[in-house]
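Since the structure comes first, as structure tokens, the remarks are kept for the end.
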Amino acid sequence: MPKLRDAIVPAPLRKVAKPGSSGVPKEQAPADLKTAPPKRQTELEQIAEKAKEAPVESLAWLDQRLGASGFLTGLLYRHVPKGTNWFYTLGSATLFAFIVQAVTGVFLAMFYTPSATQAYASISHINNDVPLGQFVHGMHKWGASVMVILVFLHMGRTFFFGAYKYPRELNWVIGVVLLILTMLMAFTGYLLPFDQRSFWASIVGININGTGPIVGPYLNDFLRAGPELGATTLSRFYAIHMLLVPGAIIALIGAHLYLVVKLGTTAPPWVKAERPKIAAPHSELEAGAENGRVNGQVNGYERVDGQGNGTGTSPA
Ligand code: HEM
């Protein structure tokens with residue numbers, strides 16, 4: 001039975017035991033069976049041994065049914081372009097901010113009442129009476145600003161590194177929708193405490209939406225959900241904030257990350273593209289051996305058999 005540490009390392013990366021050693025260190029192998037007969041395990045030792053193997057057994061049981069190790073190997077052991085730096089963590093930081101918002105939001109929803117007469121009182125109750133209520137509310141409130149800032153910084157990184165170009169245009173478009181949805185989360189969440197500030201700020205926001213060409217007035221009516229901002233508006237904002245937008249964000253983040261894993265990330269613009277290693281047709285390799293060998297390459301192809309000079313520079 002492999003150790004847990006070995007079981008979670010994907011097969012291609014596991015250390016292979018030396019031939020003939022069967023993986024047992026020398027000092028552990030009994031030199032002479034007569035002088036050192038194998039010790040019989042007591043029942044307790046056998047149970048302890050079984051218990052030690054339980055985590056590996058459970059992992060193997062799950063893996064046989066889910067095929068997860070192949071998926072995880074592809075996901076976690078990917079090529080990362082040269083020059084990858086801290087700016088590449090902004091996407092994951094945005095994802096982390098979203099997860100924090102989702103978790104703290106669930107706890108706030110347990111105590112919040114989306115009613116025009118009780119919303120303000122329920123927020124006061126969270127802040128003043130619920131254990132850790134003010135802390136969780138504060139995390140959600142500040143986390144909203146953090147997520148908005150991070151999503152803009154992440155967009156800036158992908159823009160300045162040219163990551164919106166072929167073949168990542170679709171991921172950029174998904175990103176734009178994610179940006180709009182993040183802003184919509186911040187906008188709809190702002191009304192929920194239903195105090196003077198959130199009430200008047202939402203009126204300003206809804207009126208700004210109303211000035212948009214063609215769709216403006218419809219958007220205005222949809223958001224207000226009635227002739228005046230009031231109880232119906234609060235219910236509508238709550239449903240958008242709690243259900244509609246988070247659901248869409250989760251689905252789109254899934255698609256966004258699928259494309260990141262599938263296409264890989266872009267190298268920074270200042271890193272020179274590496275020449276792809278292409279196996280040259282055999283006939284060309286033969287001919288190149290006579291006349292086309294320049295800089296360890298043959299007729300412009302990088303040798304993949306280790307016979308080049310390894311510099312990978314252009315043949316010209
Ligand atoms: C909820 C919001 C978002 C989350 C959680 C998110 C998450 C991520 C993550 C984890 C990555 C891979 C690591 C990285 O390059 O940083 C990534 C890559 C990418 N994101 Fe986002 N993202 C979001 C919003 C956006 C926005 C607003 C845009 C642009 C309008 C965008 C465009 C891209 C592009 C083009 C890539 C590929 C980068 C590359 O190939 O180098 N994302 N995103």
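The values are calculated or read from the model by the stated rules, or taken from the named source; none is laboratory data. Quantities reported herein were computed from a predicted structural model and do not represent experimental measurements. For neighbour counting, all protein chains shown are included, and Cβ atoms are generated from backbone atoms with ideal geometry for every residue, glycine included. With ligands, DNA and RNA removed, areas are computed over all heavy atoms of the protein, side chains included. Shrake-Rupley method; radii C 1.70, N 1.55, O 1.52, S 1.80 Å.
List of remarks:
- Only Cα sites of segment 84-139 enter the Debye sum here, all with the same form factor; the resulting log10 I(q)/I(0) across q = 0.14 1/Å is -0.48, listed in q order.
- The HN-Hα couplings worked out from phi for segment 75-85 by the Karplus form 6.51 cos²θ - 1.76 cosθ + 1.60 (θ = phi - 60°) are 6, 8, 9, 10, 6, 10, x, 4, x, 4, 9 Hz, whole numbers, x standing for Gly and Pro.
- Accessible surface computed residue by residue for segment 186-267, with neighbouring protein chains in place and a 1.4 Å probe, gives 55 Å² per residue.
- Computed on protein heavy atoms with a 1.4 Å probe, the accessible areas place 166, 88 in the order 166, 88, largest first.
- Using bins of 5 Å that start at zero, the share of Cα-Cα pairs per bin across segment 178-261 amounts to 3, 15, 22, 23, 17, 10, 6, 4, 1, 0, in whole %.
- Furthest towards positive pole of dipole, 54, 83, 93, structure part segment 45-93, Cβ charges: 83
- Taking all Cα-Cα distances within segment 129-180, those exceeding 17 Å account for 50%.
- Cβ-derived FRET efficiency at R0 25 Å, residue 53 paired with residue 99, nearest 0.05: 0.15
- Of the residues 150, 219, the one with the largest accessible area comes first in the ranking 219, 150, computed with a 1.4 Å probe on protein heavy atoms.
- Fully extended contour minus Cα-Cα distance, from residue 200 to residue 271, at 0.36 nm per residue: 20.6 nm
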